[in-house]
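Structure first, commentary second.
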Amino acid sequence: MATTGDTAPSLPVRIGQYTTAGLYGLVLGTVLCLVALFTNPVPDPSFPWATLPPSLRLPLQQPRIEHWPVTYTIGIWLWVFCFPALFLAGYRRYGDRNRGAAVWLVGLPTVAMLGWTTYCRFFWPKLHPPTWNAPAYTFVCWLYCSTYDVIWSNAAFLIALLGAVATVLILQRTRGTKYALIGFGVLALPLGLPALYVGSRRAKTDG
């Protein structure tokens, strides 16, 4: 991959633009979620303890989209679609030509997917009824969070396993790694965007 120095890799223009915009999106999403704290007594019913005393709240309440206030909903979905920018930014800033792609673009997204899937399956205080509006960091996780059907959670664990395999393959520079990278990237979208990027790059260079 092209580098801007001895170790720091560069990103294609569009990926770089997404990365920069995504970082701003994460900040904006955080602000929008915090706004809900000042308007609604319980922004997220899964966490009723996350509230402010009435004296600190504004004298208005936002309407809700299913279980969540409007700005909270928008903020969480911004996090969902902008979260991959963290890994791309880390790769751009701290990565290198050897292990940088494996760690930042595949390994860490895999760890994130495994962590979120485990949390949502076993620890997330689920709201009822399940809703189409349930935020999730991958499309397959959304299928679980919007239905609570364990088949989708099991599928998410298998996709995370594929991500772990892809990480090992890219570290070992195994021939055919591009297939595992692209497979994980597509199945784990939008979180899999960094892996899809590096897999596509390898497909072009390997022929």
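Laid out as a table, the results:
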read-out: In Hz, Karplus ³J(HN,Hα) per residue of region 53-69 (6.51, -1.76, 1.60; θ = phi - 60°; x = Gly, Pro); value: x, x, 5, 9, 9, 6, x, 7, 10, 6, x, 10, 9, 6, 8, 10, x
read-out: Virtual spin-label span in nm between V70 and R175, 7 Å along Cα→Cβ; value: 5.8
read-out: Under-5 Å amide H pairs with I65, H placed in peptide plane, nonlocal only; value: V70
read-out: Virtual spin-label span in nm between L52 and V150, 7 Å along Cα→Cβ; value: 4.1
read-out: Accessible surface, region 1-125, averaged per residue in Å² (probe 1.4 Å); value: 55
read-out: Point-to-point label distance, F139-V168, nm (Cα→Cβ direction, 7 Å offset); value: 2.8
read-out: With every protein chain in place, the chain: carbon and sulfur % of accessible area (1.4 Å); value: 69
read-out: Segments 121-134, 23-36, 101-114, 156-169 sorted - mean Cβ within 10 Å per residue, highest first; value: 101-114, 156-169, 23-36, 121-134
read-out: Per-residue HN-Hα couplings for region 171-188 [Karplus 6.51, -1.76, 1.60; θ = phi - 60°; Hz; x = Gly/Pro]; value: 5, 8, 6, 6, 5, x, 4, 4, 5, 5, 5, 5, x, 5, x, 5, 5, 9
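The values are calculated or read from the model by the stated rules, or taken from the named source; none is laboratory data. Remember, it's a predicted structure, so these values are computed and weren't measured experimentally. Note that we place each Cβ from the backbone using ideal geometry, even for glycine, and neighbour counts take in every protein chain shown. Note: accessible area is taken over every heavy atom of the protein model, side chains too, but ligands, DNA and RNA are not part of it. Shrake-Rupley method; radii C 1.70, N 1.55, O 1.52, S 1.80 Å.
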